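For reference, the structure is listed below as structure tokens.
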Amino acid sequence: FAGNATSFVKWPHSFVKWPETKSRAARRLLLAWNVRSPWARAAVVMLAVGVMMGSYRQGRRSVRVHRERAELQTFLADASSRGRLLYVCWEAAMPFELVSPLDSLRAWSPLSLVSLTWTQRTPWHEEMNRRFGVSCLARALCEREDVVLIATPRHRSLFATFAKQHFSEDIEFVESNRVGQKFVAGHFQRRLNPGDTTARSPAAQPR
């Protein structure tokens with residue numbers, strides 16, 4: 001202890017050397033910042049702003065994807081409670097990109113799903129049509145409430161035009177399920193004329 005006391009008497013400033021060193025380093029950094037050119041300082045500021053904005057946007061996107069995944073899982077979980085329905089997905093209208101490789105595919109098993117893509121002529125597609133007694137999928141979409149379409153507003157408009165041209169059917173879309181902002185599911189029914197409250201599609205009539 002005596003030796004330490006002697007050292008303190010001889011060199012009292014050695015105990016404040018570390019704070020002084022940090023202060024000198026800060027002054028050197030400030031001096032280096034001041035001597036930089038305006039272009040270098042602007043580049044550093046822009047880089048910092050870009051990193052902050054990118055982190056903020058990525059955080060918002062992660063929150064949105066998490067919410068949309070939860071909505072899709074809820075839709076799949078409720079599939080069995082909605083009865084026996086055939087879902088027809090128009091191209092990539094259903095957000096398959098929200099499905100993680102780590103997700104369990106058991107949630108998809110109650111969902112009878114076909115796609116209006118190149119799979120229409122596959123045995124799997126034909127077997128699904130046979131189960132639901134569908135010989136013409138386009139006609140079934142026009143007339144049956146148990147055949148549910150998942151499509152964008154543009155595709156629904158195109159199909160309504162198709163039905164009018166090929167089947168002379170004036171139909172309208174009736175929404176049944178909405179999964180956030182990603183997709184809407186529903187069926188078509190014959191559009192009622194003003195004052196006509198009895199004309200309904202064959203699927204809507206009692207069987």
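Every number in this text was worked out from the coordinates using simple rules, so none of it is lab data. Predicted model only: the values in this text are computed from it and were never measured. Cβ sites come from the backbone with ideal geometry, for glycine too, and all protein chains shown count toward neighbours.
A simple spin-label model places the labels of residue 131 and residue 109 1.2 nm from each other, with each point 7 Å out along Cα-to-Cβ.
Exposure proxy check: 142, 136, 89 ranked by fewest other beta carbons within 10 Å?
Values: 142 25, 136 11, 89 19.
Ordered from fewest to most neighbouring Cβ atoms within 10 Å, 142, 136, 89 come out as 136, 89, 142.
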